[in-house]
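Bear in mind that the values in this text are calculations on the coordinates, not laboratory data. Predicted model, so just to flag it, every value in this text is computed and none were measured. Cβ placement follows ideal geometry from the backbone for every residue including glycine, while neighbour counts extend to all protein chains displayed.
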Amino acid sequence: MLRKSHCKNKKIIIGVTGGIAAYKIPQLVRLLKKEGAEVQVVLTEAAKTFVTPETLAVLSEKPALSQFFKSNQGEWNNHVHLGLWADAIIIAPAGANTLAKMAHGLCDNLLMSVILSARCPLFVAPAMDLDMWLHPSTQSNVNTLQQRGVHIIEPTEGELASGLSGKGRMAEPEDLFQGLEQHFQPTENFFLNKRVLITAGGTQEAIDPVRFIGNHSTGKMGFAIAEQLVNLGATVELVYGSVTQTPPIGCHHHHTLSAIEMKTKCEELFPTCDVLIMAAAVADYHIKDVAQEKIKKSSDSLTLELVKNPDILKELSDHKKPNQITIGFALETNNEEFHALEKLQKKNLHCIVLNSLQNPQAGFAKDTNEVTVFCNDGSSFNIPAQEKSKVAESLLNNLSKWLTKQNPS
Ligand code: CTP
């Protein structure tokens, strides 16, 4: 049986820039058109040296655009309209200059203004000589683009136009097509109609009626995940401690403060939940004897005796039912992977999400985060540094795929 392409009826802009690999783009246009996509080619002046607009126009069944103005009568190619029209934009080939322009927001031709106006996913297929590809400035531009969520379709190794051999060849049109095909493939939504218990924020352990021991957690990451779970159609039980913002709408809210309170609430909710995501920063110890009255500064030193808190995640995970999923978080400052894997195993989890305090773009109170997820089948995936809402989206999409594979229904 013939499978319907995921690119069918998708509106795709192919941005062609100057580079020998441009001669392969007619093949990409053909593939996409054959699978029912609507294709608009936008090319730079330099690209015309390598491929003719006429070829691209015939194959795409649309004029291939390169100028802002269509004629001298004031008709123009509206870059904003084009940018908003597309379901995806693929820049192929993209040379070092194009990558640099994209990374720095330069806007000196129609294609660059389309890219800057676009709200859809952006794919880039670099093609250049091996030393240009390896140059720190190119790598830094690629990194910048990746951090903004641009999908880089890595160049491959082989003979290059310069006669040298190495990494820098544009991926083949079939691979570019597959990249788009995969992107449009509907993601498995494991979380649809699931009941998910998620914890967020820090706990506070009382010292006396006015003081407590706390931590720097703000709840931002946990709230971003809770919000995204709601978007995915889950019923969300959000248990949160000390936070700096209002919890997202669409969840059932449960406010707790100490680790013991959080544990009691989680124990009450977990039996009816399918998934537990423990993103809260739970204090490891509480004060043995909480003073009933405010402690006066009468002595020169003060010793507080601390008693270990129960490990909420471990206790719930150790007693989970066979169909319940438990996911933990780990925040480490050294030997990150080792400690995260140790917690994955000791706490009997399906997955653990490692936050690294070593990355300046990750951690408490930041708007961005980078995480690596380790799963109990030995697999792992990294979510590069980006806005916490984007990290949450990508994290749940990846978990969704992994969990669907583990629990096929
Ligand atoms: N956790 C928990 N109960 C605790 C401590 C931690 O449920 N008393 C959970 C956290 O919410 C997180 C995971 O366990 O999902 C790992 O927390 P972390 O603070 O990184 O590790 P700990 O187990 O506390 O170990 P350590 O502080 O020694 O690194």
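Here are the numbers:
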{"quantity": "Diffusion coefficient, µm² s⁻¹, Stokes-Einstein with Kirkwood Rh over alpha-carbon pairs of the range 4-107 at 37 °C and 0.692 mPa s", "calculated": "232"}
{"quantity": "Hull-based mean projected area of the chain, where the convex hull spans the alpha carbons, in square nanometres", "calculated": "26.3"}
{"quantity": "Other-chain or far-sequence residues with amide H under 5 Å of ALA88's (modelled H)", "calculated": "LYS11, ILE13"}
{"quantity": "Alpha carbon centroid spacing (whole Å) that separates the range 277-344 from the range 33-84", "calculated": "59"}
{"quantity": "Order of THR244, THR218 - criterion: other Cβ atoms within 10 Å of each residue's Cβ, fewest first", "calculated": "THR244, THR218"}
{"quantity": "Top of ILE287, ILE152, ILE325 by mean-square fluctuation, Gaussian network on the chain, Cα under 10 Å", "calculated": "ILE287"}
{"quantity": "Shape of the range 228-365, Cα gyration tensor, a/c cut at 1.5", "calculated": "prolate"}
{"quantity": "Karplus (6.51, -1.76, 1.60) ³J(HN,Hα), θ = phi - 60°, over the range 190-201, in Hz, Gly and Pro reported as x", "calculated": "4, 7, 4, 6, 8, 9, 10, 9, 10, 10, 8, x"}
{"quantity": "Most fluctuating residue given options LYS388, LYS320, LYS308, as computed from a GNM of the chain linking Cα atoms under 10 Å", "calculated": "LYS308"}
{"quantity": "Across LYS288/LYS321; LYS33/LYS194; LYS34/LYS70, pairs whose alpha-carbon gap is larger than 31 Å", "calculated": "LYS288/LYS321; LYS33/LYS194"}
{"quantity": "For TRP402, TRP133, TRP85, TRP76, order by how many other beta-carbon atoms lie within 10 Å, fewest first", "calculated": "TRP76, TRP85, TRP402, TRP133"}
{"quantity": "Candidates GLY95, GLY158, GLY202, ranked by Gaussian network fluctuation over the chain, Cα under 10 Å, top entry", "calculated": "GLY158"}
{"quantity": "The range 11-184 pair-distance distribution - Cα-Cα, 10 Å bins, rounded %", "calculated": "10, 42, 37, 10, 1"}
{"quantity": "Built amide H within the under 5 Å cut-off of TYR285, gap 5+", "calculated": "ASN309"}
